[in-house]
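Read the structure below first, then the notes.
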Amino acid sequence: MSAIRLLVLGAVRQHGRAHGYQVRNDLEYWGAHEWSNAKPGSIYHALKQMAKQGLLHAHEIAPSTAGGPPRTEYELTEKGTEEYFALLRDSLTTYDQKVDVLSAGVGFIVDLQREEAVALLRERVRRLDEWRTGVMEYYTPEEGPASLGHIGEIMHMWLHSADAGKEWTLGLIERIEGGAYTFSGEGEAFFGVLAEGEENPYATGEAHEGDQL
């Protein structure tokens, strides 16, 4: 699973309707260009591809103030909304997701109801435990990684990753069950998006042909 689809769908959904530059600006504001493949070219490509796939509806609006072609605003279709939530749920439960996919999922976790978010994270813990058990069939921590030569360091890394992932996930579950954050159906949620025209202090400043889209 690629993080870019989840990031783009989630960013569009938070605005209701958004053009490519708004999506890019939001993702840069979140620092996603540093921890994921959400680069300008990837963002604009994803918007066009998902529109072709029926996940986004493209609205042509008035020509841009820069004098270029009409800007396109994107809106999630019903199919796109289903895809968004499927990707979001998968990002929170699958233990071997890349860190950018998990990061994207955490960024949109409040789009779920609190109880579901906790249930998904508990499923993640269960899968981490299952994975750790599988690693233990080949590696005994008490004997140390050197018992398998330098290859043992790979097993050692996997166990460390499983333990760290479980510890972090349990901590998040505890915070959510303790009332942290505002989830779907609980009131006005926090959305870290920029208002139209608001300056982005984290913008890369990199020009791209898709800025007119």
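The values are calculated or read from the model by the stated rules, or taken from the named source; none is laboratory data. Keep in mind the model is a prediction, meaning the values are calculated, not measured. Please note: Cβ atoms are built from the backbone with ideal geometry, for glycine as well, and neighbour counts cover all protein chains shown.
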Every residue from the stretch 1-33 that is outside any loop (DSSP other than H, G, I, E, B), polar (S, T, N, Q) and out of contact with any Leu (no Cβ under 8 Å at 6 or more places or on another chain): Gln14
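Would a scan of the stretch 81-103 turn up a residue that is farther than 30 Å from Gly165 by Cα, touching a helix residue (DSSP H, G or I) at 6+ places or on another chain (Cβ under 7 Å), at pLDDT 90 or above and not polar (S, T, N, Q)?
Our first condition is that a residue be farther than 30 Å from Gly165 by Cα; within the stretch 81-103, this holds for none.
The answer is no; no qualifying residue exists.
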Do we find a residue being touching a residue at least 60 places away in the same chain (Cβ under 8 Å) and farther than 18 Å from Leu6 by Cα anywhere in the stretch 43-66? yes
Return the total of residues in the stretch 86-105 being closer than 23 Å to Thr182 by Cα, surrounded by fewer than 16 Cβ atoms within 10 Å (Cβ to Cβ) and in contact (Cβ under 8 Å) with a residue 12 or more places away in the chain. 1
How about the stretch 1-49: which of its residues are charged (D, E, K, R) and touching a Ser or Thr at 6+ places or on another chain (Cβ under 8 Å)? Arg13, Glu28
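When the residues of the stretch 108-118 are filtered to those that are hydrophobic (A, V, I, L, M, F, W, C) and closer than 26 Å to Val8 by Cβ, which remaining residue is surrounded by the most Cβ atoms within 10 Å (Cβ to Cβ)? Talk me through it step by step, then tell me what you get.
So in the stretch 108-118, the residues hydrophobic (A, V, I, L, M, F, W, C) come out as 108-110, 112, 117-118.
Now narrow it down to the ones that are closer than 26 Å to Val8 by Cβ: 108-110, 112, 117.
Values: Phe108: 22, Ile109: 21, Val110: 18, Leu112: 20, Ala117: 25.
In this case the residue turns out to be Ala117.
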Checking Gly179 against (1) over 24 Å from Val12 (Cβ atoms); (2) in a loop (DSSP other than H, G, I, E, B); (3) at pLDDT below 95, which single condition isn't satisfied? (3)
